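Please treat every number below as a calculation from the coordinates, not as lab data. This one's a predicted model, so the numbers in the text were calculated from it and none came from an experiment. Every residue, glycine as well, gets a Cβ built from its backbone with ideal geometry; the counts of neighbours run over all protein chains shown.
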Amino acid sequence: MKIDLSKLRKDSSLGVVICGYSGIGKTTLGKKYTNIAEIGQSLYRNIYEGIDAASIDREARKNIKTGVKRNPEWPGNYVRKINELRKSHDLVLVFTDFELMDAFRRFKIPFLIAIPTKDRKYEFIDNFKKRGQNDDFCKKASENWDEKLDALVKMNEPKIILKKGEFLEDYLKKISKE
């Protein structure tokens, strides 16, 4: 199944990159639509010692704390993979990481930022718990909610603001009908 994303694409030869906040539905979209790629960062950002991390569910990998060290090739290795996917997909979904977004700017890769409104904090924290995030993750997400969203809003890149009850798929379906 595909979703029409022609209104988002400025350069018809490459897919659009959206840096999306946790919990907005990136993984769901990547699984549901053949023209959308969603790429997790942990296998690019980290080296997992003594663990076959690729065989572990991505959400479960977020909870691994021991035997994990930073990959010295990060974020270049991830940016290369994203550019590869832009050649074969209309949309590439990644997470909102300031270091990654700085790399996009350095390499002149345009991107949009998709975030929820600030009043959705408890809805999102509850969703994180339901999808199996540990207490540490949820506590950190809750503590950093306002600060991170404020910083993302201040960035110069175009924004997709998801209102109460709205997820990225809802937004994309809406603009594909306009």
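Some values worked out for this structure:
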{"item": "Relative contact order, percent, the chain [alpha-carbon distance under 8 Å, six or more residues apart]", "result": "32"}
{"item": "Hz values of 3J(HN,Hα) by residue in the range 129-143 - Karplus curve (6.51, -1.76, 1.60), Gly and Pro given as x", "result": "5, 5, 8, x, 5, 6, 4, 4, 4, 5, 5, 5, 4, 5, 5"}
{"item": "Rg in Å to one decimal, and Dmax rounded to a whole Å, for the range 23-62 via C-alpha atoms", "result": "11.7, 35"}
{"item": "Local electrostatic count, D119, Cβ distance below 13 Å [Lys/Arg +1, Asp/Glu -1]", "result": "+2"}
{"item": "Directionally averaged projected area (convex hull, Cα atoms, the range 90-157), nm²", "result": "5.5"}
{"item": "The range 16-177: antiparallel DSSP beta bridges as a percent of all, rounded to 5", "result": "15"}
{"item": "By average C-beta atoms within 10 angstrom, highest first, the peptides 164-173, 149-158", "result": "164-173, 149-158"}
{"item": "For I47, distant residues with modelled amide H under 5 Å away", "result": "K69, R70, N71"}
{"item": "Estimated FRET transfer efficiency when R0 is 45 angstrom, pair E123-D52 (beta carbons, to 0.05)", "result": "0.85"}
{"item": "Net dipole in debye of the chain [+1 Lys, Arg Cβ; -1 Asp, Glu Cβ; about Cα centre; nearest 20]", "result": "320"}
{"item": "The range 16-177, Rg to Rh (Cα coordinates; Rh as Kirkwood inverse mean 1/r)", "result": "0.94"}
{"item": "Two-site FRET efficiency, D136 against K159, from Cβ-Cβ distance with R₀ of 45 Å, rounded to 0.05", "result": "0.95"}
